[in-house]
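As C-alpha cells, the structure follows; a few thoughts come after it.
No lab work stands behind these numbers, since they all come straight from the coordinates. Just so it is clear, the model here is predicted, and its values are computed rather than measured. Heads up, the Cβs are rebuilt from the backbone with ideal geometry, glycines too, and the neighbour counts pull from every protein chain shown.
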Amino acid sequence: MADVVHTAVLVLIVVSAFFAAWFRDLLAAVISLAIMSLMISLEFYILQAPDVAIAEAGIGAGLSTAIYMIALRACKRTRR
Amino acid sequence: MRGWRIFYLLGLMVMCGLFFGALQDIHPFGEPVEPAMDDYFLERAQEERAVNNVVTSIVFDYRGFDTLGEAAVLFTAVTSVVALFRKGGHER
Amino acid sequence: MNPLSLIVRTVCNVFAWFMVIFGAYIIVHGHLSPGGGFQGGAVVATFIAFLLVAHGGKRLLGWVKEGLFSAVESTGLLIFLGAGLFGISTTFFYNFLAKKGGLFGSVVPLGSNTGVLNSSGTIALMNLAVGLEVVAGLSLIIVYMFKGIRLELDREEESHDR
C-alpha cells in the first residue's frame, strides 16, 4: 500500500512537471507548478523529512505561486 | 537550427547513459554510508544542548554558521528586490 | 489586483488568522517538533499573499508599512548574529544559554519525552530571530513586487495615451 502511494506521488510529480512545460496558458502552467511543489512536499514527507516538507509546502506551493501570479499580471497571459 | 537538434539529442542520450550507469550501484534506501557522525549527534545532542529535536540542534547550533549564510542570502534577495522595484527606481 | 468576491473575502477574514497562529506555533515549537524559523516564517508570509489575493492590492498597501517590515527584518538578523557572537568566548555560535536556567535554560530529561518548551538555550532564540527575519523579508518581497508591477502597468497606460 505504501509503495502504491509512493509510486503514485512520483508519477504525479513527473506528469505535473510535463504539463507545466506543455501548457500554452501561463496561468495553467503556474498552477501545474504549484501542484508539482505540493507533490514534492508529500514526497519529502514520505521520505521522513517533515522539516523540508513544511518549507517546500510554504515556499513552493504558497509563496512562489503568488509571486508568479503577480508577475503574470504584468505580461501577456499566453506564450508565443 | 536543425543541425543543433542532433547535438541536443546526443547530449540527452549521454546524460541518460550516465544516469542509468549511476543507477546500477545506487546505495539502498535508509542505510547511511558513514553513520559515525549521525550516532555522535544522536547521542550527544540531548544532554549537551538540552534540545529534543536533533535536526534543529544541528541547523541552529552545531552548524549555525550555515544558517547564518542562509539568512544572509535571504537578506540579500530582499535587498535586491527592493532595489529593483523601489518607487522611481528606473525613471529616465 | 482587484478584490475578489464577498465569499472569498469573508473566508479570508475568518481563516487567515489560523495561518498566522499555525506559523507562530511552528516558529515557537521549532526545537520540539519539525519546523523552525524558516518554515514557520514562510507559512506566516503566505498570510500577506492571501490578503493580497483576497482583498486586492489597494487595501493591502494601506495596511502594511514597509518601513516597519524592513526594521523587523534587520532586527531579526541582528538578534541572530548577536546570539552567535555572545558565545565567542568558547566558539562562534556556541550555545551559551543551554542548561543555565532562566527563560531558555531548562534541562530536558534524557530519552524520549514530550519536551520542555523553555529549553534549548540559544536555539529557541535563534528560531524566533530567523522567524522574524523570514516573515518580514518574504512579505517585503511580495509587497514590493506588487508595487513595482503596479508602477509598470500605470506607465504602460500613460504611454498608450500618448
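For this structure, a couple of remarks:
- Under Karplus coefficients 6.51, -1.76 and 1.60, residue-wise ³J(HN,Hα) of the range A:35-51 in Hz, glycine/proline x: 5, 5, 5, 5, 5, 5, 5, 5, 5, 4, 5, 5, 7, 6, 10, x, 4
- Note on chain B: with a GNM built from Cα contacts shorter than 10 Å, the maximum mean-square fluctuation among B:Thr76, B:Thr56, B:Thr67 falls on B:Thr76.
- Spread of Cα-to-Cα distances over 5 Å intervals beginning at zero, given as percent, for chain B: 2, 10, 9, 9, 8, 8, 11, 14, 13, 8, 6, 3, 1
- Helical content of chain B, expressed as a calculated mean residue ellipticity at 222 nm, amounts to -22500 deg cm²/dmol (DSSP H runs of 4 or more residues, -39,500 (n - 2.57) each, divided by residue number, nearest 500).
- Only the Cβ atoms of Lys and Arg (+1) and of Asp and Glu (-1) were treated as charged; on that basis the dipole of chain A about its Cα centre amounts to roughly 720 debye.
- Over the C-alpha trace of chain A, radius of gyration and Dmax come out as 13.9, 45 angstrom.
- Per-residue shielding of C:41-51, expressed as the average number of other chain Cβ atoms within 10 Å of the residue Cβ, stands at 4.
- Of the peptides C:118-126, C:6-14, the order by per-residue mean of other Cβ atoms within 10 Å, starting with the highest, comes out as C:118-126, C:6-14.
- Mean partner shielding of peptide C:126-138, defined as the number of other chain Cβ atoms within 10 Å of each residue Cβ, is 4.
- GNM flexibility winner over chain C from C:Gly131, C:Gly62, C:Gly87 (Cα, springs under 10 Å): C:Gly62
- Spatially, the range B:62-79 and the range C:54-119 are offset by 14 Å when compared through their Cα centroids.
- Summarising the overall dimensions of chain C from its C-alpha atoms, the Rg and Dmax are 20.2, 74 angstrom.
- Cβ-placed point charges (K, R +1; D, E -1), dipole of the range C:1-128 about Cα centre in debye, nearest 20: 180 debye
- Alpha-carbon Rg/Rh ratio, for the protein assembly as shown, with Rh computed the Kirkwood way: 1.02
- Each semi-axis of the equivalent ellipsoid for the range C:25-105 is √(5λ) with λ an eigenvalue of the Cα gyration tensor; in descending order they amount to 33, 16, 9 Å.
- Counting only Cβ charges, +1 for Lys and Arg and -1 for Asp and Glu, the dipole size of chain B around its Cα centre is about 1100 debye.
- Number of partner chain Cβ atoms within 10 Å, mean per residue of B:70-82: 6
- Between B:Gly17, B:Phe29, B:Val51, the Cα set farthest toward the positive side of the dipole of the range B:2-85 (charges on each charged residue's Cβ, about the Cα centre) is that of B:Gly17.
- The packing ranking, built from the mean of other Cβ atoms within 10 Å per residue, places the peptides B:37-48, C:15-26 in the order C:15-26, B:37-48, highest first.
- Candidates C:Leu138, C:Leu78, C:Leu103: whichever shows maximal mean-square fluctuation once chain C is modelled as a Gaussian network with Cα springs under 10 Å: C:Leu103
- Between amide H atoms placed 1.01 Å from N, distances below 5 Å from C:Phe96 occur with C:Thr122, all of them 5 or more places distant or on a separate chain.
- In Hz, Karplus ³J(HN,Hα) per residue of the range C:108-120 (6.51, -1.76, 1.60; θ = phi - 60°; x = Gly, Pro): 9, x, 6, x, 7, 8, 7, x, 10, 5, 9, 10, 6
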